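Novice: Starting off with a structure, shown below.
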Amino acid sequence: MADPQGGVFSMMIGGIFHCAIRTADLDATLLFYKGVLGLKEVSRPAGLKFPGAWFAVPNAIGQPILHVYAGYAAADGNGEIPTDNERGAVDHISLLAHGFTHYRAHFEKLGISAREQNQKGGSNWQMFVHDPNGIKIELTFDQAAEPDLPVPIVDARRYNASERFFDAREYPALKEKIVLLANDAT
């Protein structure tokens, strides 16, 4: 890649290596990322002395993209673990995804609030959900790879960046709902 003066850049960002999040409820967080989003839990380095998990994209490469910190590693200076809109300067984590209409139906069956958008003139569609900790997750879909797109987006599901739609009450029954869906699929 050339710089404006005609030289070659010696530095360049190639992508996100991983994101790390904090949780006060490790079990609910594991359930969300495995059971709801379909990420694959992978082993962590043996030297880590705090509870947590690493997740990878479920493909042949399976590089860990999400690290979950629990226990003392998740706490702030006051010993508290921030949630929802106390997430500081981080607004959301964006993951490339496939299967827009399937995720839409999946979230509806699980009773998880989701918001959707398509940038006018753009080929990316986004769907936003929250994990049990209130962390906003953006799933980004390439319209060219999605046979069901475009689809209508109803106003109640249209994404508004200033809307806070996290509802912790959606998550306590999540485990039972995932088990029921798995049983229905067999």
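What follows is calculated from the coordinates using simple rules that are stated; it is not laboratory data. Everything numeric in this text was worked out from a predicted model, so none of it was measured. Cβ placement follows ideal geometry from the backbone for every residue including glycine, while neighbour counts extend to all protein chains displayed.
Novice: Taking θ = phi - 60°, what integer Hz values does the Karplus form 6.51 cos²θ - 1.76 cosθ + 1.60 yield along the range 127-136, in sequence order, with x for Gly and Pro?
Specialist: 10, 10, 9, 10, 7, x, 8, x, 7, 6
Novice: Let me ask another. For K177, which lysines qualify as cross-link partners when the Cα separation must be under 30 Å and same-chain residues fewer than eight apart are set aside?
Specialist: K34, K40, K109, K136
Novice: Among DSSP beta bridges whose residues both lie in the range 84-160, state the antiparallel percentage, nearest 5.
Specialist: On the way: 11 of 16 bridges.
That works out to approximately 70 percent antiparallel.
Novice: Follow-up question, since we're still on this one. Please order V36, V154, V68 by the number of other Cβ within 10 Å, starting at the fewest.
Specialist: On the way: V36 22, V154 7, V68 25.
Least crowded to most crowded, the residues run V154, V36, V68.
Novice: Around P58, under 12 Å between beta carbons, what's the net of Lys plus Arg minus Asp minus Glu among the other residues?
Specialist: On the way: positive: K34, K40; negative: E41.
For residues surrounding P58, the net value is +1.
Novice: Per-residue HN-Hα couplings for the range 53-58, Karplus 6.51 cos²θ - 1.76 cosθ + 1.60 at θ = phi - 60°, whole Hz, x for Gly and Pro?
Specialist: 3J(HN,Hα) across the range 53-58, in whole Hz: 7, 10, 10, 10, 5, x.
Novice: Which whole-percent values make up P(r) of the range 84-160 when all C-alpha to C-alpha distances are grouped in 5 Å steps starting at zero?
Specialist: 3, 15, 27, 27, 17, 8, 3, 0
Novice: Further, regarding this structure: Kindly state, to the nearest 0.05, the FRET efficiency for E80 paired with K175, given R0 = 22 Å and r defined as their beta-carbon distance. List each step's numbers first, then the result.
Specialist: Numbers: r = 25 Å, r/R0 = 1.14.
The value I calculate is 0.30.
Novice: Can you tell me which aspartates and glutamates have their Cα less than 20 Å from the Cα of K49? Leave out same-chain residues fewer than eight positions away.
Specialist: The qualifying aspartates and glutamates are D25, D27, E41, D76, E80.
Novice: Rank by packing, highest mean first: peptides 38-50, 96-108, with packing defined as the count of other Cβ atoms within 10 Å averaged across residues.
Specialist: Result, highest mean first: 96-108, 38-50.
Novice: Return the percentage of antiparallel bridges among DSSP beta bridges fully within the range 17-82, rounded to the nearest 5 %. Don't jump to the answer; show the numbers that get you there.
Specialist: Values: 8 of 12 bridges.
Antiparallel: roughly 65 percent of the beta bridges in the range 17-82.
Novice: Quickly rank 122-134, 167-179 as a protection proxy: mean count of other C-beta atoms within 10 Å, highest first.
Specialist: Details: 122-134: 19.7, 167-179: 14.2.
Those peptides, ordered most packed to least, come out 122-134, 167-179.
Novice: How far is the Cα center of the range 90-106 from the Cα center of the range 136-186, in Å?
Specialist: After rounding, the separation between the Cα centres reads 7 Å.
Novice: Using only the Cα atoms of the range 17-82, what semi-axes does the equivalent ellipsoid have when each is the square root of 5 times a gyration tensor eigenvalue? Give whole Å, largest first.
Specialist: One finds semi-axes of 22, 13, 9 Å for the range 17-82.
Novice: Show me, for the range 151-160, the HN-Hα J-couplings you get by feeding each phi into the Karplus relation (A = 6.51, B = -1.76, C = 1.60, θ = phi - 60°), rounded to Hz, glycine and proline as x.
Specialist: Each residue's phi maps through the Karplus curve to give 10, x, 10, 6, 4, 5, 9, 6, 6, 10 Hz.
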